[in-house]
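A.B. asks: Quick one: the structure is below, and I'll ask about it shortly.
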Amino acid sequence: MFSHNVYTSANAQITTQQNDEYNTAQNYNEKLLEKLSMQALKDKNSIKDMQGTFAIDDNAKAGEITGDGKATIKRLYDMGYIRNEKKWLTKKGFDAIGRMILRKIMQNARSLGTGEHSTNLRGDGEITMDTTRKYEYGDDPKNLSVHDTLLNSILNNKTSRFPLNITTSDMAVYETYSDTRAAIVYCIDLSSTMKTKMKDGTSRMESAKRALWGLYGANRRFFPTDSVYIVGFASMAARILPYDIPYLRAFDADEFLHYTNYQAALRLSRTILRNNTYDNKKIVLITDGQPSACYVDSAYQKDVILSEKPYSNFYSPEPDILNRINTEKNIRLDTDNNRQVYLCYRYKKVDSRIHAQTIKEAAVCRRDDIDIDTVVITDEPELVEYGQKFAKETHGTMFHASDGSMADILVRDYMGRSPKAQYGL
């Protein structure tokens, strides 16, 4: 008996030790993934850039002390999160980070007591949920829950003898919500000022990338039938694939590509949405400033501007620049040989010609039944004021974020259509 107790006690100690070791490993892996996500959002986030960040993790682990981050990098390789390529994040790593970002956003929503969000999207049908409620007059009989109805009858009548006397008070139906399928283009500003640091220490670009990553995760989990697209824009625009979000970079100020062209983003977005058959279409413009560029589509438009401002600057990138951008940033800019970009930066002001062309492009989107929302990432009053003006003239909604809360704002707005999303189910 004594030996049996000793054996049982020893087994219990081993099991406890194994559980502790497992939990320690899980916690470490979770922290490692969180640090990887922070690194992936940064402007400089290559494998080489990571080694210095992860060196402290190596030093904290007995038996793997190298001090240069190589051991932690190897662990991430072994876990299948990264690979030795230019696009170093694997699909597994991308999806894991997306789930982590979305989970934190939804935790924030619950802690803030986020309620239901109104929506003006047109429904294409209904989605049946797993939960039930009491039957109300006018409910569709096809949503009747036979199981819950029978159970209610037994409990209410205190008998399980058949035939049951079922009344409307016993009837339960599955809850539904409107299947408001949508096609949305999120336009992320890649102008040079997106590198600016915010109050929380992160850059505007980091905040925008986090928002896009969370939105893509929300789309796949809650609204897989939605069509979500991404457009990057500065002086010109380009379509961005979701898995390229980690590698997005703001343009440097040493090229004429670093200006802000709302019109380019709106035009490319409209082209994308033109081929989508959904009734609900929206463009969400994520930017940190006022437009400082617009397209010149004809010689006449150019002559008009020159007659007003003889020293105006017009730009059309050379093929070698386009090739370099494609190679370095993996961005294929939307170009047209018959089109130039008019560049005019005015500190905290907008050139009247650029504003007019921008609003004109937005009006074409509105005629195509495309709604336009604007997210302004800045704490500068003049820039926020222009965002409000733009939203008013385009009959859209403006969101304002001066810190990293932009992801929470956009994801919660997107998920407001789903009861499941609202409660983090």
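The values are calculated or read from the model by the stated rules, or taken from the named source; none is laboratory data. These numbers were taken from a predicted model, which means no experiment stands behind them. Don't worry about glycine lacking a Cβ; one is built from the backbone with ideal geometry, like all the others, and counts go over all protein chains shown. Areas reflect the complete protein model, heavy atoms only, side chains present, ligands, DNA and RNA absent. Shrake-Rupley method; radii C 1.70, N 1.55, O 1.52, S 1.80 Å.
A.B. asks: Which one of the conditions (1) at pLDDT 85 or above; (2) within 28 Å of K195 (Cα to Cα) does K74 fail to meet, given that it meets all the rest?
C.D. replies: (2)
A.B. asks: Would you check which residues across region 288-308 are in contact with a helix residue (DSSP H, G or I) (Cβ under 6 Å, 6 or more places away or on another chain), open to solvent by less than 20 Å² (accessible area, probe 1.4 Å) and either part of a loop (DSSP other than H, G, I, E, B) or not aliphatic (A, V, I, L, M) (or both) and list them?
C.D. replies: Across region 288-308, the qualifying residues are D288, G289, P291, C294, Y295.
A.B. asks: Considering only strands (runs of 3 or more DSSP E) fully contained in region 309-399, which possess at least 1 residues that are open to solvent by less than 40 Å² (accessible area, probe 1.4 Å) and farther than 17 Å from N261 by Cα?
C.D. replies: Result: 370-377.
A.B. asks: Would you call R332 out of contact with any Leu (no Cβ under 9 Å at 6 or more places or on another chain) and touching a residue at least 12 places away in the same chain (Cβ under 8 Å)? Even if it seems obvious, please write down each step before you answer.
C.D. replies: Numbers: out of contact with any Leu (no Cβ under 9 Å at 6 or more places or on another chain): no; touching a residue at least 12 places away in the same chain (Cβ under 8 Å): yes.
No; evaluated as a whole, the condition is false for this residue.
A.B. asks: How many residues are modelled with pLDDT of 95 or more and farther than 27 Å from D279 by Cα if we restrict to region 363-394?
C.D. replies: Matching residues across region 363-394 total 0.
A.B. asks: Now for a separate question. Taking the criterion of being under 26 Å from P141 (Cβ atoms) and under 20 Å from the mean Cα position of the chain (by Cα), would at least one residue in region 237-250 satisfy it? Step through it out loud before you land on a result.
C.D. replies: First, the residues of region 237-250 that are under 26 Å from P141 (Cβ atoms): none.
No, region 237-250 has no match at all.
A.B. asks: Still on this structure: Got a sec? Which of D252, D244 is part of a loop (DSSP other than H, G, I, E, B) and surrounded by fewer than 18 Cβ atoms within 10 Å (Cβ to Cβ)?
C.D. replies: Values: D244 fails: part of a loop (DSSP other than H, G, I, E, B).
Selected residue: D252, the only one of D252, D244 that is part of a loop (DSSP other than H, G, I, E, B) and surrounded by fewer than 18 Cβ atoms within 10 Å (Cβ to Cβ).
A.B. asks: Let me ask another. Suppose the filter is in a loop (DSSP other than H, G, I, E, B), among the hydroxyl-bearing types (S, T, Y) and touching a residue at least 24 places away in the same chain (Cβ under 8 Å); does T225 pass it? Full working, then the answer.
C.D. replies: Working: in a loop (DSSP other than H, G, I, E, B): yes; among the hydroxyl-bearing types (S, T, Y): yes; touching a residue at least 24 places away in the same chain (Cβ under 8 Å): yes.
Taking the combined requirement at face value, the residue satisfies it.
A.B. asks: A further question on this structure: With respect to D58, determine if the residue is at negative phi and modelled with pLDDT of 85 or more. Walk me through it before giving the result.
C.D. replies: On the way: at negative phi: yes; modelled with pLDDT of 85 or more: no.
The answer is no for D58.
A.B. asks: Take the residues of region 179-197 that are touching a helix residue (DSSP H, G or I) at 6+ places or on another chain (Cβ under 6 Å) and either assigned to a loop (DSSP other than H, G, I, E, B) or at pLDDT below 90 (or both): which is surrounded by the most Cβ atoms within 10 Å (Cβ to Cβ)?
C.D. replies: S191
A.B. asks: Let me ask something else about it. Can you say whether G115 is over 27 Å from E206 (Cα atoms), part of a loop (DSSP other than H, G, I, E, B) and either modelled with pLDDT under 85 or touching a helix residue (DSSP H, G or I) at 6+ places or on another chain (Cβ under 7 Å) (or both), as far as the supplied structure shows? First the steps, then the outcome.
C.D. replies: Details: over 27 Å from E206 (Cα atoms): yes; part of a loop (DSSP other than H, G, I, E, B): yes; either modelled with pLDDT under 85 or touching a helix residue (DSSP H, G or I) at 6+ places or on another chain (Cβ under 7 Å) (or both): yes.
Judged against the criteria, G115 is a match.
A.B. asks: Considering only residues that are part of a loop (DSSP other than H, G, I, E, B), of a type outside the set (A, V, I, L, M, F, W, C) and open to solvent by 90 Å² or more (accessible area, probe 1.4 Å), look in region 125-167 and name the one that is modelled with the lowest pLDDT.
C.D. replies: Of all residues in region 125-167, those part of a loop (DSSP other than H, G, I, E, B) come to 125, 135-140, 145, 158-167.
If we keep only those that are of a type outside the set (A, V, I, L, M, F, W, C) too, we end up with 125, 135-140, 145, 158-161, 163, 165, 167.
From the residues that got through so far, the ones that are open to solvent by 90 Å² or more (accessible area, probe 1.4 Å) too are 136-137, 158, 161, 163, 165.
On the way: E136: 74, Y137: 66, K158: 70, R161: 69, P163: 76, N165: 76.
Filtering region 125-167 for residues that are part of a loop (DSSP other than H, G, I, E, B), of a type outside the set (A, V, I, L, M, F, W, C) and open to solvent by 90 Å² or more (accessible area, probe 1.4 Å), the one modelled with the lowest pLDDT comes out as Y137.
A.B. asks: May I pose another question? Working carefully through the options T260, T277, find the one that is in a loop (DSSP other than H, G, I, E, B) and buried (at least 24 other Cβ atoms within 10 Å of the Cβ). Walk me through how you get there before you give the answer.
C.D. replies: Values: T277 fails: buried (at least 24 other Cβ atoms within 10 Å of the Cβ).
Step by step, each of T260, T277 is checked, and only T260 is in a loop (DSSP other than H, G, I, E, B) and buried (at least 24 other Cβ atoms within 10 Å of the Cβ).
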